[in-house]
Each structure stands twice: as structure tokens, then as C-alpha cells.
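A.B. asks: The structure that follows is given in the form of C-alpha cells.
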Amino acid sequence: MGSKPQRILIAGGTVVTARRTVRADVLVRGERIARVGRVPRAEAGEVVDARGLLVFPGFIDAHVHFSLPVAGTRSADDFHTGPRAAAHGGITCFLDFTVGHPDLSLPEALERRLEEAKPSCIDYSFRTEMIGWTPERAGEIVEVAELGVRSFKFYTAYSESGRRTPLGHLRAAMEAIRGIGGVAMVHCEADELVDPSGGPFPAARPAIAEEVAIAEVGILARDTGCPTYIAHISSTRGLAAYLEARRGGAPLMGETCPHYLLLDERVYMGPDGHLFSVTPPIRKPEDAEALWRALGRKLLAAVSTDHCPFSVSQKEIGRDDPRRLPSGLPGVELLPALLFSEGVAKGRISPRQFAYYLSEGPARAFGLWPRKGRLARGADADLVLWDPHARWKVETRSLHMNVDFSPYEGMELRGKPVAVMSRGK
């Protein structure tokens, strides 16, 4: 006979979810939550004292790029270092992407990535990158859904590298995705309004490119009825197009990222400006404030990192030639602390909104609910014990991401995880 599942009691903490804040115990049995409420200590084999701490559902980073080949190199975190760093920050689940190629079927690309991801210490799912997809391959969408993946990634830009999906193909894909109950995720920058020779900087990738692409994608989403997730909204103009499309009946969900909330275009002005290369680029201070206001009104679905880290030496490849510059920033380990410190601690969002953007919102958007994103009986035992009063400084050398640069270096933060549980461990 097998041994009984371990029982762990998280006692005396303040449970915070998107729906409620309550002083309660959480009883974990094996990999699942057994009870939330008042639990006698005699029912537990192990008791964790959570007095003075907030107890959140495990956080989800819905947008990461581990071990991604790009610009002749590969993102610095793989499926060992990236998930480990994520867990240190309070992330218990992440969503990555397949590496699409016109000559590779969607199921083949997924199987390859699933094999790569085996070293991960936390849970994960994938989206299928739709590079080179054509309507004649609609059956592959059904095949991938049968393998358990129902979200699909598209680009409206990057025609120079073959990643752009023409609008007609995107519409056909959306119809197929709606048919299998899936979600389309779109990187929105109008290709015709982007100058690839200018690299990943504001002058070459203006906010109007984001605005136009979101408006077009919104029309397609409304026309097809396909739930569509707009990745990394960076600007006031892009946000306005997203909200207008929603008002017009488009089933859109929106995401933004910490670098659009905390940084502004002045980071590009110094000699190390190339280290901050990311697409869409970092915008003006007023764009950041507009995004914060949207979060305060619960108009977005998630805050994710778009974690795609590169070392300083990797970024140096494109210092003198923006076309060769790897685009992406590290952030997966810092996401919860950045959002709590700059959002909750500064009164821009509530603790429950914080829980929504990092747990329930992404879980619902990508079909992980109700197993993920909540603290309730039967859910996966993914929990974060959070000290809201902890004060600390970001130092790259002390982080667990495989990087020697952080865009948040030296930032004073408030709040950090003191314990993280992923499916009961």
C-alpha cells in the first residue's frame, strides 16, 4: 500500500485572491488544496506559521522565452535556470512558446519543445508559434489541441524574418482556433509602419504601429468571435485601440509588462541604451501612467514579463548595428516584487488586483483555471507566502536568472516571497 499524501497546514496567514481577502488557514494534502478556512492543527503533519504574511495563489508568468534562438544567438535562460529563477520570485507556472518554422508541423514543434522543457522545476504550458502557417494546414490546429495546447502565437510584424502572418491567414486561423475553443495571442505592430533597419527603438517602432495593428486584430477577433490575447501593450495609443475594440464587441484580453510600467524611453539615451532593447520598445512616462490607470480599473488580463534575457556580451553584437541587436529583457524572477512594490505599495492597484493580474487573470485567459490561479479546495497547491513589509534592493549578482544585467538594477523594492509551494512541494 502507498503512503498517505503529506498534509501541510499554512496557518494564520491572510489569504488574498482576486475575489477576497480573509484571515484563514490553508490545508494542503499532497498536490492539492484540501481546505481553506479554520483548520485544527491536529489535521496536519506539518505546520507552517504564516502569521503576518499574505498567502497568494501561485503566480503565473504568461509570457516567457526560455532558450529561444534569436538574432544568431539564444536567450540566456534555459528550462533549468529560467524556471528556477521564476520559482525564487514566486512564479509557480509559466507559459512559453514553440519555435515555429515553415518546414515544421505544429505538432512536431510542440513535441520538440516539450522535450526541452523536461528539466523545469515548476509547471508550464506552451503556445504554438504560427510561423509559416497557411490555411491549408488548419488540421494541425486540431492536432495540437488534441495534445493539450489550445493557444497560438502570431506576429503582425517581422516580415523580414518570415514571422509575420498575413491578415487573411490570421483570420482563417482565428476561425479554426475558435472552433477548438482556443485562444489567439498576437504581437501587434503594423509591419508597414516599422523600420527594421532602425532596430528595436521608439523611432523605428512608433506607437502608431501598435495602435494600427491592435485595431486590425480587434476587427478580426470581433468578426470571427475568436478570444484574442494582445501581448505586451506598451503605449497609450495601443491601449486606446484595445479598449475601443473591446467596446465594439471584440473578445480581447490585454497584457502589459513591468518594463512598460517602470521604465521610460530615457533608458536609451546613455551609452548602454542598447542593453534595454526590447520590442515593442519602452515608451514615454505618460504611456506608463496610462497603463497603470488601466490596471487600476482592471481593464487588462495579466501582467507578464516577456522574459527574454541576454548577457551584456550578447547585446554587444548589435551595439553598432541595430539590425543585429537581440531584443528582450530579463524579468521572470522580479515580476511579483516589481508589481507589488510599484503597484500595491504605492496605491496604484489593490492586493486583490495584484492577485488577479498574476494568478486568476492569466489562468482564465489560457485555460488553466480552475486548477491554477485560485486558492480553493481541489486546486493545485501552488501558494506564495509573501512578506509585504520586506524592503530590499535589486542586485543582479544576487539574482538567479542567468544574466549579468538587469534593467531594474539598484531599485529599492517593498515586498518579497518568503516561501513558495508548487503542487504541494
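Any read-out appearing in this document is the output of simple, stated calculations on the displayed coordinates, not a laboratory observation. Values in this document were obtained by computation on a predicted structure and should not be read as measured data. Here the Cβ positions follow ideal geometry from the backbone for every residue, glycine too, while neighbour counts run over all protein chains shown.
A.B. asks: Residue by residue through the stretch 296-307, which ³J(HN,Hα) values in whole Hz follow from phi under the Karplus form 6.51 cos²θ - 1.76 cosθ + 1.60 (θ = phi - 60°), with glycine and proline marked x?
C.D. replies: x, 9, 6, 9, 10, 9, 7, 10, 10, 9, 6, 4
A.B. asks: Further question on the same structure: By how many nm would the segment from Glu108 to Glu289 grow when fully extended, if each residue of separation counts as 0.36 nm and the alpha-carbon distance is taken off? Each step should come with its number before you reach the end.
C.D. replies: Numbers: separation 181, 0.36 × 181 = 65.16 nm, distance 4.22 nm.
Between Glu108 and Glu289, full extension yields 60.9 nm more.
A.B. asks: Now for a different question. On a C-alpha basis, how far is the centre of the stretch 132-155 from the centre of the stretch 190-266 in Å? Whole number, if you could?
C.D. replies: Each part reduced to its Cα centre gives a spacing of 23 Å.
A.B. asks: Taking only C-alpha pairs under 8 Å that are 6+ residues apart, what is the relative contact order of the stretch 59-365 in percent? Before the final figure, lay out each step's value.
C.D. replies: On the way: 645 pairs, mean separation 57.5, N = 307.
That works out to 19 percent.
A.B. asks: Which one, Pro322, Ala245, Phe97, is farthest towards the positive end of the dipole of the chain when Lys and Arg carry +1 and Asp and Glu -1 on their Cβ?
C.D. replies: Ala245
A.B. asks: Between Glu115 and Lys425, how many nm apart are label points set 7 Å from Cα along the C-beta direction?
C.D. replies: Each label point lies 7 Å from its Cα, and together they span 2.3 nm.
A.B. asks: Answer with one residue from Thr21, Gly72, Pro166: the one whose Cα lies farthest towards the positive end of the charge dipole of the chain, charges on Cβ with Lys, Arg +1 and Asp, Glu -1.
C.D. replies: Thr21
A.B. asks: Something else now. Roughly how many debye, to the nearest 20, is the charge dipole of the chain about its Cα centre, given +1 on each Lys and Arg Cβ, -1 on each Asp and Glu Cβ, and no other charges? Don't skip to the end; give the middle numbers.
C.D. replies: Details: 54 positive and 52 negative charges, 449 e Å.
That gives the chain a dipole magnitude of about 2160 debye.
A.B. asks: Taking H placed 1.01 Å from N in the peptide plane, check which residues at least 5 places from Val47 or on another chain put their amide H under 5 Å from its amide H.
C.D. replies: Amide H neighbours of Val47: Leu9.
A.B. asks: Can you pull out the trypsin sites (Lys or Arg not before Pro) in the stretch 270-354 whose DSSP state is coil and whose Cβ has at most 11 other Cβ atoms within 10 Å?
C.D. replies: Answer by residue number: Arg297, Lys346.
A.B. asks: Is the chain best put as rounded, prolate or oblate by its Cα gyration tensor, with a ≥ b ≥ c the root eigenvalues, rounded for a/c under 1.5, and otherwise prolate when a/b is larger than b/c, oblate when not? Don't skip to the answer; put the middle values down first.
C.D. replies: Working: a/c = 1.63, a/b = 1.36, b/c = 1.20.
Prolate shape, in that a/c is at least 1.5 and a/b is the bigger ratio.
A.B. asks: State which entries of Lys315/Lys393; Lys315/Lys425; Lys298/Lys416; Lys393/Lys425; Lys4/Lys298 exceed 32 angstrom in Cα-Cα distance in the structure shown. All intermediate terms of the calculation are to be shown ahead of the outcome.
C.D. replies: Details: Lys315/Lys393 24 Å; Lys315/Lys425 37 Å; Lys298/Lys416 23 Å; Lys393/Lys425 28 Å; Lys4/Lys298 42 Å.
Over 32 Å apart, Cα to Cα: Lys315/Lys425; Lys4/Lys298.
A.B. asks: While we're looking at this one, here's another question. Projecting each Cα onto the charge dipole of the stretch 59-365 (Lys/Arg +1, Asp/Glu -1 at the beta carbon, about the Cα centre), which of Trp133, Ala213, Phe154 comes out farthest on the positive side?
C.D. replies: Going by the charge dipole, the pick is Ala213.
A.B. asks: With labels modelled as points extended 7 Å from the Cα through the Cβ direction, what inter-label distance (nm, one decimal) is found for Arg74 paired with Leu147?
C.D. replies: 1.9
A.B. asks: In degrees, nearest 10, range 0 to 90: what is the angle between the Cα axis of helix 167-179 and the longest Cα principal axis of the chain?
C.D. replies: The helix 167-179 is inclined about 30 degrees to the chain.
A.B. asks: In whole Hz and in residue order, list the ³J(HN,Hα) couplings for the stretch 52-63 that follow from phi through the Karplus curve 6.51 cos²θ - 1.76 cosθ + 1.60, θ = phi - 60°; x for Gly and Pro.
C.D. replies: Along the stretch 52-63, the couplings run x, 10, 8, 10, 9, x, x, 7, 10, 9, 7, 7 Hz.
A.B. asks: Let's test the formula: R0 of 45 Å, r as the Cβ-Cβ distance of Arg323 and Arg19. What FRET efficiency results, to the nearest 0.05?
C.D. replies: Details: r = 47 Å, r/R0 = 1.05.
Once rounded, the FRET efficiency stands at 0.40.
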